[in-house]
Amino acid sequence: EIYSLHVDCKVTSRFAHTVITSRIVNRANESREATFEVELPKTAFITNFSMSIDGAVYPGIIKEKAAAQNEYDTAVSQGQSAGLVKITGRKLEQFHVSVSIAAASKVTFELTYEELLKRQLGKYELLIKVRPKQLVKHFQIDVHIFEPQGIHFLEAEGTFMTNELTEALTKVQNETKAHILFKPTIDQQKKNSELDETLLNGDFVVRYDVKREATAGDIQIVNGYFVHYFAPQEMPVFPKNVIFVIDRSGSMAGRKIEQTMDALLKILQDLRPEDHFNFITFSNKVVEWKSSLLPATEENVASAAALVQTLTARGGTDISGALLAAVSVLEKAEGLPERSVSMIVLLTDGQPTSGERNVEVIQENVQKAINGKYALFCLGFGFDVSYKFLEKMALSNGGIARRIYENADAALQLQGFYQEVATPILMQIEMQYPENSIEGLTKNNFKLFFEGSEIIVSGKISNELDLLPVEIKAQSHTSDLTLKEEANVKEKEQVFRNQRYIFGNFIERLWAYLTIQQLLEKAISAQEEDQKALEAQALDLSLRYSFVTPLTSMVVTKPSDQQQKELANKPTEAG
């Protein structure tokens, strides 16, 4: 029985540090399996795990993947245990470990993970999956937030909330801090008074945003590491020239093509009058709806909607032909707004089966054709796509890839993705810092900035600077911008000094987290030699800061009378 379950989460300036502690007692008079099962966000890195059984502590040790695998292979006869972590859905992965404990014994499991919250559509979201599967005497979720810029709004909700459970949720906040506490009693957790079934099954979500001054962003500094957040607001939106490249091969038939139609009809409604657009549909044949881009007038949108409603799915998949056709429509386009953003959005559910089938050749030809001029976004529908191929293609061409899960909400996933990229407000953003005083600077130029998101740059201040000057150059729809700001290093360091619940080196850990994420992303589209160098750097940081990343594994050792070792690896979307 789980007699205590505590989720303790501290968010300091978007960096979230979550500790989940589960205490279990075996009330039977023989040994039983105690299971610890937690779902955590895919974007998080596990940093620590331990089990304590009757006073003996069994810690998880993070090692390089190959070394961990060797140790595991030696300890285990082949064919056992599939690892402790697996992807369980669109946003989550599951950590699952069981250990056998003697009668009347107790075990405490403790898992720690960290993530940098990403601003999307104007808010940060902290997701805590709640599924104890039983009533828990001491159940508690604590979320502490400290945002020096000030909290603009804050909401907390559970998908499983009832009136009684709402009474167990309290929220206390002032200008820069907030504490959310969810502490339901056993009675509040029950579905009804007769049955011992729990209501707690679903997502507990905290959403918030911070206050922003109209300047060159906000700089925070701790122990010589800085982080710079930049999220301009209320700027004119660039007109978009967008080509939707839609797969209608046989495998899209039925539910998928219906959901795609639903999403496209909504997306058409969201186009702005100054946008231009076109559709290309493909199976083994590539069909351009119009030979050129059309302005998004009411009439053109209506006629596109009529076309979308006639989409049928059959035939093969000529991804290469469709993408090259899209590039050529953009190349030939005339009369587009002078300052505008051109993008291609590909939606496919399969591998290339017609036309050019070699994925390397397709990647190379597409990159050559796009030549840095347009952003390519790749949406992979379901699990028959080669996600690796789509991801590499998108990242090599200034876009991103997403997997669309084949659920009831697939149309909403498609729309949600479109909303994120629908409002570009800056282009060619360069974040500049004094070259000789900063080490380990994370990515500092960005092709596009979309409203509601945020640019984050971090680095180490290498020599004794009193002032950290920053300069941001970017193009907006109406002008070229230069924004300047100076941060007083001593004053900035002071902000976090007197905060008792801040984990000391959090900006350094944020820097390491961001650097690892960016190195891994860069490695996806790099040439082989560069790839090895990027991965070596990411591995070094993963080990130094003890993160379970795709390059490291955590070895979990159990008491000597049980299967001795198990591995926790970080799954990736590309598998």
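Remarks
- Boolean, Ile24 is closer than 18 Å to Lys570 by Cα, in a strand (DSSP E or B) and at pLDDT 90 or above: no
- Those residues of the range 222-238 which are buried (at least 21 other Cβ atoms within 10 Å of the Cβ) and over 25 Å from Pro148 (Cβ atoms), in sequence order: Phe238
- The residue that is nearest to Asp262 (Cα to Cα), counting only those in the range 362-412 that are touching a Ser or Thr at 6+ places or on another chain (Cβ under 6 Å) and among the hydroxyl-bearing types (Ser, Thr, Tyr), is Tyr374.
- Lys63 meets the conditions (1) under 29 Å from the mean Cα position of the chain (by Cα); (2) modelled with pLDDT of 95 or more; (3) open to solvent by 20 Å² or more (accessible area, probe 1.4 Å) in every case but one. The failed one is (2).
- Residues of the range 353-395 satisfying the condition of being under 17 Å from Ile524 (Cα atoms) and among the acidic types (Asp, Glu): Glu360, Glu364, Glu391
- Of all residues in the range 182-221 being among the aliphatic types (A, V, I, L, M) and in contact with a Leu (Cβ under 9 Å, 6 or more places away or on another chain), the one that is surrounded by the fewest Cβ atoms within 10 Å (Cβ to Cβ): Ile186
- Cβ-Cβ under 7 Å pairs, at least 6 apart or on other chains, the range 390-412 side open to solvent by 10 Å² or more (accessible area, probe 1.4 Å), far side acidic (Asp, Glu): Leu395/Glu521; Ala401/Glu391; Arg403/Glu573; Ala411/Asp262
- Among (1) free of Cβ contacts under 8 Å to residues at least 24 places away in the same chain; (2) farther than 16 Å from Ile141 by Cβ; (3) among the basic types (Lys, Arg), the one test that Lys177 misses: (1)
- Count of residues meeting criterion [more than 20 Å from Asn505 (Cα to Cα) and part of a strand (DSSP E or B)] in the range 27-48: 10
- So Ile128, is it closer than 30 Å to Pro59 by Cα, modelled with pLDDT of 95 or more and either among the hydroxyl-bearing types (Ser, Thr, Tyr) or open to solvent by less than 40 Å² (accessible area, probe 1.4 Å) (or both): yes
- Strands (runs of 3 or more DSSP E) fully within the range 262-376 that include at least 2 residues being open to solvent by less than 40 Å² (accessible area, probe 1.4 Å) and of a type in the set (S, T, N, Q): 276-282, 341-348.
- Checking each residue in the range 354-387 for being of a type in the set (Ser, Thr, Tyr) and within 16 Å of Val245 (Cβ to Cβ) picks out Ser354, Tyr374.
- Residues satisfying the stated conditions in the range 214-262, i.e. over 26 Å from the mean Cα position of the chain (by Cα), closer than 21 Å to Gln428 by Cα and among the aliphatic types (A, V, I, L, M): Ala214
- Screening the range 79-119 for strands (runs of 3 or more DSSP E) wholly inside it with 1 or more residues that are modelled with pLDDT of 90 or more and basic (Lys, Arg) returns the ranges 106-116.
- Among (1) crowded, with 20+ Cβ neighbours inside 10 Å; (2) in a loop (DSSP other than H, G, I, E, B), the one test that Ile243 misses: (2)
- Each residue in the range 240-263 was checked for being touching a strand residue (DSSP E or B) at 6+ places or on another chain (Cβ under 7 Å) and not hydroxyl-bearing (Ser, Thr, Tyr), and 10 of them qualify.
For every residue, the table says whether it meets (1) of a type in the set (Phe, Trp, Tyr); (2) over 22 Å from Val421 (Cα atoms); (3) at pLDDT below 95.
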residue	(1), (2), (3)
Val359	no, yes, yes
Val366	no, no, no
Gly372	no, no, yes
Ala375	no, no, no
Asp384	no, yes, yes
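- Note on the range 4-33: residues that are among the hydrophobic types (A, V, I, L, M, F, W, C) and within 17 Å of Pro148 (Cα to Cα) amount to 3.
- Residue among Leu336, Leu347, Leu323 that alone is farther than 30 Å from Glu406 by Cβ, touching a residue at least 40 places away in the same chain (Cβ under 8 Å) and not small (Gly, Ala, Ser): Leu336
- Within the range 151-168, tally of residues that are among the small types (Gly, Ala, Ser) and assigned to a loop (DSSP other than H, G, I, E, B): 1
- Scanning the range 131-150 for residues that are under 15 Å from Ser22 (Cβ atoms), open to solvent by less than 40 Å² (accessible area, probe 1.4 Å) and not in a strand (DSSP E or B) yields a total of 3.
- The numbered conditions (1) open to solvent by 60 Å² or more (accessible area, probe 1.4 Å); (2) among the hydroxyl-bearing types (Ser, Thr, Tyr); (3) in contact with a strand residue (DSSP E or B) (Cβ under 6 Å, 6 or more places away or on another chain) are all true for Thr74 except (3).
- Within the range 187-224, being of a type in the set (Ser, Thr, Tyr) and modelled with pLDDT of 95 or more holds for one residue alone: Tyr208.
- Scan of the range 2-59 for residues that are charged (D, E, K, R) and within 32 Å of the chain's Cα centre (by Cα), ordered by number: Asp8, Lys10, Arg14, Arg23, Glu37, Glu39, Lys42
- The residue of the range 1-51 that is surrounded by the most Cβ atoms within 10 Å (Cβ to Cβ), among those that are of a type in the set (Lys, Arg) and closer than 18 Å to Leu126 by Cα, is Arg14.
- Of the candidates Lys123, Lys91, the single residue that is out of contact with any Asp or Glu (no Cβ under 7 Å at 6 or more places or on another chain), among the basic types (Lys, Arg) and within 23 Å of Val206 (Cβ to Cβ) is Lys91.
The values are calculated or read from the model by the stated rules, or taken from the named source; none is laboratory data. Just so we're clear, the structure is a prediction, and the values are computed from it rather than from any experiment. All Cβ positions, glycine included, derive from the backbone under ideal geometry; neighbour counts span all protein chains shown. These area figures cover heavy atoms from the full protein model, side chains too; ligands, DNA and RNA do not enter into them. Shrake-Rupley method; radii C 1.70, N 1.55, O 1.52, S 1.80 Å.
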